[in-house]
Amino acid sequence: MKILVLGSGAGGGFPQWNCNCTLCAGQRQGQLSAHARTQSSIAVSADGQSWVLLNASPDIGQQIRSHPQLHPRHGLRDTPIKAVVLMDAQIDHVSGLLGLREGPCIDLYATPCVFEDLTTGLPLLNVLEHYCGTRWHIVPVAGHRLSAGFEIEGFASLRFTALAIPGKAPQYSPHRREQVVGDNIALLIEDLEQGGRLFYSPGLADVGEQELRWMSGADCLLVDGTFWEEEEMQRAGLGAQTASDMGHLPQLGTPARAGMLDVMAATSATRKVLIHINNSNPILDESSAQRRELDLRGIEVAYDGMEITL
Ligand code: MLT
Ligand code: MN
Ligand code: ZN
């Protein structure tokens, strides 16, 4: 299986357009060794020809332009992107659907509550009916159903399993305060021919026993790297919300709760990669102490254009 990181930043990307924090300003002025990052999305393929998009970032146009794998090949109008799977209904993960409107009808895989959000609070799918339209493939994670396997047409050698995970629905969603099963999913993707297993979860609020079990079965973890610590936004004067308020498990743990670093140390994946990095996270600075800590632990930081083969 081939994995292409199209965007490795959290909502707003890096540097964020309106942000003058030390990291954003430092990157803009060339004073930091830190790469710019577009908003999070990856593409997955079994053969390098056809691709499934996991989340559709508002930066999708730029992302497709800079990845030849996703350019049109045959005839006058064409795309190797055959399907889109949504992990949640967050603006940074869905608004790129609008950027696909010039193409064919979109084969869209999502849970019932994501379809609900995208036809009510943020009615992108209603709007798209006037353009390319979407073909709905319901991933039945809802109510008491906490996981569901599904197949994507044309990707017979990949097995997808969606898992309900702790997280936050978008701010515009009626479920923002009380999570509903299916608001946030992680994906386990197995290559039935090559044997590789990817665990993908760009927004993950907590790792309990169940999540740890799923993560432990993967060869590659590509998981929530939004915040280094719980009160990062407050400390930097960038916002009032904590990592938990926003539905993200920080890398650094506390005596009361294991952080993503502890979680990753408890798994035996050969690749451990953080993605969806917020512009406030010191790991963006390649010469930071926090980045050294990751190096020591064998944890990688995803970057735009990163390719992983499993
Ligand atoms: C989040 O995951 O919390 C988002 O990046 C927020 C946003 O899109 O603004
Ligand atoms: Mn996000
Ligand atoms: Zn910033």
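Residue by residue, here is whether (1) more than 19 Å from residue 94 (Cβ to Cβ); (2) in contact (Cβ under 8 Å) with a residue 40 or more places away in the chain holds:
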residue: 149; (1), (2): yes, no
residue: 157; (1), (2): yes, yes
residue: 184; (1), (2): no, yes
residue: 198; (1), (2): yes, yes
Study note, to complete from the structure: Of the residues in region 17-41, those that are within 16 Å of ligand 1 (Cβ to nearest atom) and among the polar types (S, T, N, Q) number 5
**Study point:** Test for residue 245: is it within 12 Å of ligand 1 (Cβ to nearest atom), over 18 Å from residue 201 (Cβ atoms) and modelled with pLDDT of 95 or more
**Key:** yes
Point to revise | Condition met for residue 172 (touching a strand residue (DSSP E or B) at 6+ places or on another chain (Cβ under 9 Å) and of a type in the set (Phe, Trp, Tyr)) | key: no
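Residue by residue, here is whether (1) buried (at least 18 other Cβ atoms within 10 Å of the Cβ); (2) in a helix (DSSP H, G or I) holds:
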residue	(1), (2)
249	yes, no
263	yes, yes
268	no, no
272	yes, no
280	yes, no
Point to revise | Scope region 175-200; condition of a type in the set (Lys, Arg) and under 16 Å from residue 149 (Cα atoms); matching residues | key: 197
Check your understanding: Before we move on, is residue 241 of a type outside the set (Phe, Trp, Tyr), more than 16 Å from ligand 3 (Cβ to nearest atom) and farther than 20 Å from residue 41 by Cβ?
Key -> no
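Quick grid of which residues meet (1) away from ligand 1 (no atom under 16 Å from the Cβ); (2) buried (at least 24 other Cβ atoms within 10 Å of the Cβ); (3) not in a loop (DSSP other than H, G, I, E, B):
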| position | (1), (2), (3) |
| --- | --- |
| 198 | yes, yes, yes |
| 206 | no, no, no |
| 211 | yes, no, yes |
| 227 | no, yes, no |
Check your understanding: Among 166, 140, 174, 170, which is in a loop (DSSP other than H, G, I, E, B), in contact (Cβ under 8 Å) with a residue 12 or more places away in the chain, open to solvent by 70 Å² or more (accessible area, probe 1.4 Å) and not charged (D, E, K, R)?
Key -> 174
Check your understanding: Of all the residues that make up region 144-162, how many are among the polar types (S, T, N, Q) and within 17 Å of residue 196 (Cβ to Cβ)?
Key -> 2
Study note, to complete from the structure: Among residues of region 112-137 being aromatic (Phe, Trp, Tyr) and open to solvent by 10 Å² or more (accessible area, probe 1.4 Å), the residue nearest to residue 154 (Cα to Cα) is 136
Check your understanding: Which residues, counting only those in region 49-69, are of a type in the set (Gly, Ala, Ser) and over 12 Å from residue 5 (Cβ atoms)?
Key -> 50, 56, 61
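The values are calculated or read from the model by the stated rules, or taken from the named source; none is laboratory data. Please read these numbers as outputs of a predicted model, since none were measured by experiment. Please note: Cβ atoms are built from the backbone with ideal geometry, for glycine as well, and neighbour counts cover all protein chains shown. Remember, those area values only see protein heavy atoms, side chains included, never the ligands or the DNA or RNA. Shrake-Rupley method; radii C 1.70, N 1.55, O 1.52, S 1.80 Å.
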